[in-house]
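What follows draws every value from the coordinates through simple rules; no lab data is involved. Since the structure is predicted, the reported quantities are computational estimates derived from the model, not experimental observations. Note that we place each Cβ from the backbone using ideal geometry, even for glycine, and neighbour counts take in every protein chain shown.
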Amino acid sequence: MATAKKESTEKTATGQVGRVVEVKGPVVDVQFDGHLPEILNALETENRGKRLVLEVAQHLGEHTVRTIAMDATEGLVRGQEVKDTGAPISVPVGEETLGRILNVIGEVVDEGEPLKTKERRAIHQP
């Protein structure tokens, strides 16, 4: 138990590490021992061998955030590690994206060549 506590407070290069505490469809609650990630920050975890991005939607008290998953959550388990990226979800922008099909997290889904853009922008703009 002490090991799990130590790991959940560990910092990564991009942000804090938390743990999944509840999964209800696309809604995932994540607990952090330190500072909570900002609203709209992207969190990342792995689900069935694929990267799963969660977007912080709400702070629930001092240690927990409610997130919305950007893909299926079947297979997520309580206690699973989640990392704060320290930034909002962003997508590539520029001439290279014209005519291409991207998903909400900026991944190419049209079976074309990978995008090589110089700029990315947050999906939420003022």
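Figures for the structure shown
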quantity	calculated
Most fluctuating residue given options PRO88, PRO114, PRO26, as computed from a GNM of the chain linking Cα atoms under 10 Å	PRO114
Cβ crowding within 10 Å averaged over residues, with 75-83, 39-47 ranked highest first	39-47, 75-83
Listed residue (VAL20, ILE39, THR64) projecting farthest to the positive dipole end of segment 2-88, Cβ model	VAL20
Relative contact order of the chain, defined on C-alpha pairs under 8 angstrom at six or more residues apart (%)	23 percent
Most fluctuating residue given options ALA57, ALA72, ALA87, as computed from a GNM of the chain linking Cα atoms under 10 Å	ALA72
Local electrostatic count, VAL104, Cβ distance below 12 Å [Lys/Arg +1, Asp/Glu -1]	-3
Listed peptides 27-36, 116-125 by packing density, highest first (mean Cβ within 10 Å)	27-36, 116-125
Fluctuation leader among GLY18, GLY61, GLY99 - the chain, Gaussian network, Cα springs under 10 angstrom	GLY99
Global geometry of segment 50-91, whether rounded, prolate or oblate, following the gyration tensor of its Cα atoms and the 1.5 cut on a/c	oblate
Segment VAL77-THR64, length gained on full extension (0.36 nm per residue, minus Cα span)	3.1 nm
Lysine-lysine proximity count for the chain, Cα under 27 Å, sequence distance 8 or more or distinct chains	16
Computed magnitude of the charge dipole of the chain (debye, nearest 20; Cβ of K, R +1, Cβ of D, E -1)	240 debye
